[in-house]
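Here is the structure we will look at, set down as structure tokens.
The values are calculated or read from the model by the stated rules, or taken from the named source; none is laboratory data. Note that this is a predicted model, so its numbers are computed, not measured. Cβ coordinates were reconstructed from backbone atoms using ideal geometry, including for glycine residues, and neighbour counts include every protein chain displayed. Accessible surface is based on the protein model in full, side chains and every heavy atom, while ligands, DNA and RNA are left aside. Shrake-Rupley method; radii C 1.70, N 1.55, O 1.52, S 1.80 Å.
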Amino acid sequence: KLSHSIESMVQTTFLASEISYFAEQTKQPILWFNNEEQGNKVQLRVYQAACNATYTQLHSNITYYQELYNVKTNRLIKIYDSASITTNDVTKLCKDHSPGCIIFDQLDKIKGIQGDRDDLRLGQIYIWARELAKTYCPVIGVCQSDATGEGKRWLTMDNVANAKTAKQAEADWIIGIGKTHNESEEYLRYLSICKNKLIGDDDT
């Protein structure tokens, strides 16, 4: 439980770092659907990332950092915090806001899609998310690794939890965040690009 909670915040911190930067480059809202961590913790990570400030610094001058956050993000990051977010909720909000980016933390926990088997149900969720991306904007979905990823530096597509190939097949780009149990590497995380179908620059 504790290990899962810590790793969830690593993912959230990574997202906050990138999304706060995305907000400086778009004029459309960024919809962040949070059904994993407490919403106030997620918001705090986003504030810290956008303002490049520690928790202590934020609370030392709340008014200043609130204004800085609003300027840096243009108030475009909209966090929807609920443990029971459904596909209908998401679709309605997308129609209302015409987002520039959609975040799911965690995508596997979105409700509203049924299936005979868990892997098939999850595959349908990822197909639905891909259709969202075709209709509106890029979609970023977070999911966990399974037990085979425990203590592993470089994760692969085989380490995706509760999936054979259905979830991975719907993604254009997959990044794995790995770690070992070595005490000397306690604060290190290892990023691996597990899949890349994107068209980019010379390094892609």
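Arg121 meets each of the listed conditions (1) of a type in the set (D, E, K, R); (2) within 26 Å of Thr165 (Cβ to Cβ); (3) out of contact with any Gly (no Cβ under 7 Å at 6 or more places or on another chain) apart from (3). Within the set Lys152, Lys195, Lys167, the sole residue that is open to solvent by 40 Å² or more (accessible area, probe 1.4 Å) and either out of contact with any helix residue (DSSP H, G or I) (no Cβ under 8 Å at 6 or more places or on another chain) or basic (Lys, Arg) (or both) turns out to be Lys152.
Taken as a whole, the condition of being aromatic (Phe, Trp, Tyr) and part of a loop (DSSP other than H, G, I, E, B) applies to Trp154. Restricting attention to the range 170-190, the residues that are among the charged types (D, E, K, R), more than 29 Å from Trp128 (Cβ to Cβ) and surrounded by 14 or more Cβ atoms within 10 Å (Cβ to Cβ) add up to 2. Restricting attention to the range 82-135, the residues being in a loop (DSSP other than H, G, I, E, B), of a type in the set (S, T, N, Q) and crowded, with 16+ Cβ neighbours inside 10 Å number 1. Within the range 152-204, which residues are acidic (Asp, Glu) and within 20 Å of the chain's Cα centre (by Cα)? Of everything in the range 152-204, those that are acidic (Asp, Glu) and within 20 Å of the chain's Cα centre (by Cα) turn out to be Asp158, Glu170, Asp172.
Of the residues Leu122, Leu93, the single one that is in contact (Cβ under 8 Å) with a residue 60 or more places away in the chain and under 21 Å from Asn34 (Cα atoms) is Leu93. Close contacts from the range 172-187, counting a first residue that is in a helix (DSSP H, G or I) and a second that is surrounded by 10 or more Cβ atoms within 10 Å (Cβ to Cβ), with Cβ to Cβ under 8 Å and a gap of 6+ residues or different chains, come to Glu185/Lys179. If only residues of the range 6-49 that are open to solvent by 30 Å² or more (accessible area, probe 1.4 Å) and among the charged types (D, E, K, R) are counted, the one that is farthest from Val90 (Cα to Cα) is Glu7. Checked against the criterion of being open to solvent by 20 Å² or more (accessible area, probe 1.4 Å) and within 16 Å of the chain's Cα centre (by Cα), the range 52-70 contains not a single residue that satisfies it. Under the condition of being of a type in the set (S, T, N, Q), assigned to a helix (DSSP H, G or I) and over 18 Å from Val42 (Cα atoms), the residues counted in the range 52-81 number 2.
Filter the range 136-149 for residues that are among the aliphatic types (A, V, I, L, M) and free of Cβ contacts under 8 Å to residues at least 40 places away in the same chain; which is most open to solvent (accessible area, probe 1.4 Å)? Going through the qualifying residues, I end up with Ala147.
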